[in-house]
Amino acid sequence: METFFHTPVTLLLLVVMCHTLPPLAGSFPISPNFPAVFNFGDSNSDTGELSSGLGFHLQPSYGQTYFFKPPSTGRFCNGRLIVDFLMEAIGRPYLRPYLDSVSTQSYRRGCNFAAGGSTIQKANAASISPFGFGVQVSQFVTFKSKVLQLIQQDEGLERYLPSEYYFKNGLYMFDIGQNDLAGAFYNKTLDQVLGLIPTILDIFQDGIKRLYAEGARNFWIHNTGPLGCLAQVVSIFGRDKSKLDEFGCVSDHNQAAKLFNLQLHALFRKLPQQYPDSRFTYVDIYSIKSDLILNHSNYGFDHSIMVCCGTGGPPLNYNNQVNCGSTVKSSNGTIITAKACNDSSKYVNWDGVHYTEAANRFVSLHILSGKYSETSSSWNL
């Protein structure tokens, strides 16, 4: 199994990055100089939080490409996520979920609060995840308080838990907001969804404020990807061909994602002015993923919207959506089991909502190039 570091391009890219950027300087701050990483988000960066918190296991197909023990990985992917590749790139262990009660991995180098289905807005009865952004921030506050109390009682625990220095100088990563937009389309018009964006970002900023009060100073923010190109969205909202753009993506969803990103970027530009001694980096995930989807064949992928595991995508190909690993009976009585494709490396989309490991690797390499990142620091104001 080829690992992330076995490619000459990646090695060269990391060498250039480490030797050309001083610690905490430039437009690309992720580096081994950060002692710890604390991540907040949804299923795009969930390393097992929702599974640990709610006690369910994903189907065996999840994790099959890399982890080989699907019930224990808790990742909504056939292998590694973007956050996994980024941790590899800076020589850090994969982030352990906050709610993971049994593990051989320590929390010294960071902790992951991201949970599948989470939103920036407060969870409600219809939410997939009870661990909204506000809850995740509260979990961090509790985590930090308990960790520092334990270390004060026994300094030897610093071998397993992050010290005050690690919390202060760590990197705080965010990849959340996709579910706020995608979920709203099920009962709201495009204009109504667009009208929610300022409120969503106000809540996001409240979380930043709370983390800043806890000593966080280095913030890494992903914008959201092209929602309209997700196979599940196309399968459900793309039955009316007039709703699709020339690439087969649902126009309304992508329009909402673009406006969300535009306003998120405007907020990113303002944040350093409000928080002294802070550093914010904005990563344009939308552009990376759009390039991959629209030019997938140039990058060695055969399918951009079609799923590898499950059914969902262009309506011409599937009339029913079946989740990855599930077995259902069709209207004509036929039993359908949604199995994984033979070669996931040829697919961008894994299960209708999430990307394959191969696609995540592509996105990670482009993040590591630094070309899609912008940094704004209060020190430069």
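Among residues belonging to segment 38-65 that are surrounded by 24 or more Cβ atoms within 10 Å (Cβ to Cβ) and not in a loop (DSSP other than H, G, I, E, B), point out the one that is nearest to the chain's Cα centre (by Cα).
41
Go through segment 66-87 and report how many residues are in a loop (DSSP other than H, G, I, E, B) and either over 17 Å from the mean Cα position of the chain (by Cα) or at pLDDT below 90 (or both).
4
Check off (1) of a type outside the set (Val, Ile, Thr); (2) assigned to a helix (DSSP H, G or I); (3) touching a residue at least 40 places away in the same chain (Cβ under 8 Å) for residue 191 and give me the number that stays unchecked.
Of the numbered conditions (1) of a type outside the set (Val, Ile, Thr); (2) assigned to a helix (DSSP H, G or I); (3) touching a residue at least 40 places away in the same chain (Cβ under 8 Å), the odd one out for residue 191 is (3).
Looking at (1) touching a helix residue (DSSP H, G or I) at 6+ places or on another chain (Cβ under 9 Å); (2) closer than 28 Å to residue 31 by Cβ; (3) surrounded by fewer than 22 Cβ atoms within 10 Å (Cβ to Cβ), can you tell me which one residue 172 breaks?
With respect to (1) touching a helix residue (DSSP H, G or I) at 6+ places or on another chain (Cβ under 9 Å); (2) closer than 28 Å to residue 31 by Cβ; (3) surrounded by fewer than 22 Cβ atoms within 10 Å (Cβ to Cβ), residue 172 is out only on (3).
Regarding residue 213, is this residue among the small types (Gly, Ala, Ser) and in contact (Cβ under 8 Å) with a residue 60 or more places away in the chain?
Spelling it out, it is not the case that residue 213 is among the small types (Gly, Ala, Ser) and in contact (Cβ under 8 Å) with a residue 60 or more places away in the chain.
What are the residues in segment 88-116 that are assigned to a loop (DSSP other than H, G, I, E, B), under 16 Å from residue 175 (Cβ atoms) and touching a Pro at 6+ places or on another chain (Cβ under 9 Å), if any?
Residues satisfying the conditions are 113, 114, 115.
Just one of (1) closer than 20 Å to residue 171 by Cα; (2) at pLDDT below 85; (3) of a type outside the set (D, E, K, R); (4) outside any loop (DSSP other than H, G, I, E, B) trips up residue 16, so point out which.
For residue 16, the failing item is (1).
Specify which of the listed residues (202, 180, 206) is acidic (Asp, Glu), crowded, with 21+ Cβ neighbours inside 10 Å and not in a strand (DSSP E or B). Don't jump to the end; show me each part of the working.
On the way: 202 fails: crowded, with 21+ Cβ neighbours inside 10 Å; 206 fails: crowded, with 21+ Cβ neighbours inside 10 Å.
Only one candidate qualifies: 180.
Residue check, residue 113 against (1) at pLDDT below 95; (2) out of contact with any Lys or Arg (no Cβ under 6 Å at 6 or more places or on another chain); (3) not β-branched (Val, Ile, Thr), all met but one. Which one?
Against the list (1) at pLDDT below 95; (2) out of contact with any Lys or Arg (no Cβ under 6 Å at 6 or more places or on another chain); (3) not β-branched (Val, Ile, Thr), residue 113 comes up short only on (1).
How many of the residues in segment 117-144 are part of a loop (DSSP other than H, G, I, E, B), under 18 Å from the mean Cα position of the chain (by Cα) and not small (Gly, Ala, Ser)?
Count: 6.
Looking only at segment 189-199, which residues are loosely packed, with under 14 Cβ neighbours inside 10 Å and not polar (S, T, N, Q)?
191, 195, 198
Suppose the filter is among the charged types (D, E, K, R) and touching a Gly at 6+ places or on another chain (Cβ under 8 Å); does residue 46 pass it?
Taking the combined requirement at face value, the residue satisfies it.
The values are calculated or read from the model by the stated rules, or taken from the named source; none is laboratory data. All values reported here derive from a predicted model rather than from experimental measurement. Please note: Cβ atoms are built from the backbone with ideal geometry, for glycine as well, and neighbour counts cover all protein chains shown.
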